[in-house]
1. Relative contact order (percent) for segment 296-449, with alpha-carbon contacts under 8 angstrom and 6 or more residues of separation?
2. Among 142-149, 176-183, what's the highest-first ranking by average C-beta atoms within 10 angstrom per residue?
3. Convert each backbone phi in segment 179-196 into a coupling constant with the Karplus relation 6.51 cos²θ - 1.76 cosθ + 1.60 (shift: θ = phi - 60°), then list the ³J(HN,Hα) values in order as whole Hz, x for Gly and Pro.
4. Rounded to two decimals, what ratio of Rg to Rh does segment 85-169 give with C-alpha atoms and a Kirkwood Rh?
5. What's the ranking of 408-419, 280-291 by average number of surrounding C-beta atoms within 10 Å, highest first?
6. Give a residue-ordered list of calculated ³J(HN,Hα) values for segment 108-120 (Karplus: 6.51 cos²θ - 1.76 cosθ + 1.60, θ = phi - 60°; whole Hz; x for Gly, Pro).
7. Mind jotting down a quarter of the surface of the convex hull over the alpha carbons of the chain, in square nanometres, one decimal?
8. May I have the pair-distance distribution P(r) for segment 169-247, computed from all Cα-Cα distances with 10 Å bins from 0 and rounded to whole percent?
Amino acid sequence: MHPKHLYQTYAEPAVVLLSHIGFMVLTASLPLSKGTSSVTMVIMLGFSLLLWTFTGVGLRRSVGFNKLIAGCWLLFAVYVAGLLYTAHLQSGIQFVYKQGALLCLPFIMAVNRQLVSWYGALYLKWLIFGTCFAAVVTTGLFLLPNATLLQIAPQLPRWGLLKLSEVSVLGKFGFYSPFIDRLSFSYLLGISALSCCWLAASGNMGKWAAAGLLGLLLFTAAILGGRAAQLGLLAGLLVWLSYVVYNALKTKPGKSSLLLKVIVATGMAVFGVAVAYGLFKTMPAVWERYNQLQWELSVLHNNTWQQYNYQYFTTLRRLYSWQNTWQIIAQHPLTGVGTGDYRHSLQQLYSQQQVGFEANAHNQFLQVWATLGIGGLLLFAGLLWLFHAIMRKAALPGFRVFGVSVLVFYLIIFTFDSPLNTQVSLMTFVFLLCLLPFMAGRNAMEQHA
């Protein structure tokens, strides 16, 4: 028997099956272990190279998909080019290595486009299940008395959980995340909650099951205190609620009313503020977190913040990060400082101002601009715009809403944080950036069939 025929008969089906399992392991492990998710991605890259080499799987799906995938690769290439003029080459190489998902995941998903198109909903379920398992563990630890939690804290690393710091039990700084860093887990809670909405709306998950999981995800997001993720999730849920209310009030099916859209949007904005205020007044974990924000702003206004142990003052850290990042941009608006120099440049400004904060980015757009210049910023913004353009053409209205809610969620967290600096958040973002358009393409084909 010819070797190629042997491969197509025995090896290729096995590789496809292993890739299918790999997607489930990858998505389920994202909220639980960055090591497992990283190793899984590397293994799946090997499978994808095998499929591409021996079966000639094409990478083109459509012009839009091709541009989106090429855009991820181009952004990675620009980061590599940024090494040419960085003063801290080792830091730059480490950063580029962490951005490897921009190169690997689009290739994996393009080669396995049939899998992600047909089983995308299943992979989202595995993401939700993994996140909910982490949420159950987190909630269980949260419900323990503080004295008990601090007593068992030395044992947590032996159980495979992250080390617990004493500030993690203080509501003002957000609760402890046992598997991955608190902010990355907060983002996954938001994405999982929005995915629950779509799975329930599309019939891929029972509405009562989705409601139960959504309640768990929302409670965990509240106690973790990731404010950017909370605001992004609230905005994403309001997108879904706007869709439901608009369709309920629309008098003529199939016809759009601009006035009704304006009324619904205004109502949702007012409702969102009311919900946020209600949670602030009634939920202790939310009150503690946002009361800390108000207090930090007050000591900043009074110029007394240096009298306190301000290293945990996340609001002040953000304000100083934004202010000094703008200063870096003003000095290097066209080319940026290079891939390895951003943190060093920021730390240098902090030292000049005698500020004891650790240099960190707190705005994804500003960090990309300060690192790669205006061209890098336009490329990054172009990826988001292209994702939106593809999702707008989705055949199913509910799927379009899902895409918009995810985009709104990311736009808000990109404004207050730089999640793509962490491996888990970068992998999640790139995965969704490629997955949802492929699923939208499959829905379009089914509609025209």
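1. Value for segment 296-449: 21 percent.
2. 176-183, 142-149
3. For segment 179-196, the Karplus curve yields 10, 10, 4, 4, 5, 4, 5, 4, 5, 5, 4, x, 4, 5, 5, 5, 5, 4 Hz.
4. Numbers: Rg = 19.9 Å, Rh = 17.1 Å.
Ratio value, two decimals: 1.17.
5. Result, highest mean first: 408-419, 280-291.
6. For segment 108-120, the Karplus-derived couplings read 4, 6, 5, 5, 9, 4, 5, 5, 5, 5, 8, 10, x Hz, x marking Gly and Pro.
7. On the way: hull surface 101.5 nm².
Reported value for the Cα convex hull: 25.4 nm².
8. Bin by bin from 0 Å, the calculated values are 19, 48, 27, 7, 0.
FYI, it's all coordinate maths here, none of it is from the lab. Just so it is clear, the structure is predicted and the values come from calculations on it, not from any experiment. Quick reminder, even Gly has a Cβ in these numbers, built from the backbone with ideal geometry, and neighbours come from all protein chains shown.
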